[in-house]
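Below: the structure, in structure tokens.
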Amino acid sequence: MGRRKKLVNNTNIPQHEIEKIARCLLPDIYAYYESEEGQREFAEWQAQQEKLNKKDKTT
């Protein structure tokens with residue numbers, strides 16, 4: 001059985017409240033990245049990352 005990663009919470013917000021908010025937001029995040037707009041923006045981001053990686057390797 002794998003180990004759970006220790007959570008880092010450096011706020012005054014209780015961890016259970018952060019998890020509740022995350023559970024509410026996650027379906028919307030998934031829906032966005034499955035949409036055409038989300039797919040397009042993700043592809044643009046990947047292209048930017050490739051440019052940055054190529055630039056870093058040449059310097």
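Can you tell me which residue among Lys5, Lys20 is of a type in the set (Lys, Arg), exposed (fewer than 10 other Cβ atoms within 10 Å of the Cβ) and without any contact (Cβ under 8 Å) to a residue 40 or more places away in the chain?
One residue alone meets the criteria, Lys5.
Are any residues in segment 8-17 in a helix (DSSP H, G or I) and surrounded by fewer than 10 Cβ atoms within 10 Å (Cβ to Cβ), and if so, which ones?
Within segment 8-17, His16 is the sole residue that qualifies.
For segment 10-59, enumerate the residues that are modelled with pLDDT under 95, within 16 Å of the chain's Cα centre (by Cα) and charged (D, E, K, R).
The answer is Glu19, and nothing else.
The values are calculated or read from the model by the stated rules, or taken from the named source; none is laboratory data. Values in this document were obtained by computation on a predicted structure and should not be read as measured data. Cβ atoms come from the backbone with ideal geometry, glycine included; neighbour counts cover every protein chain shown.
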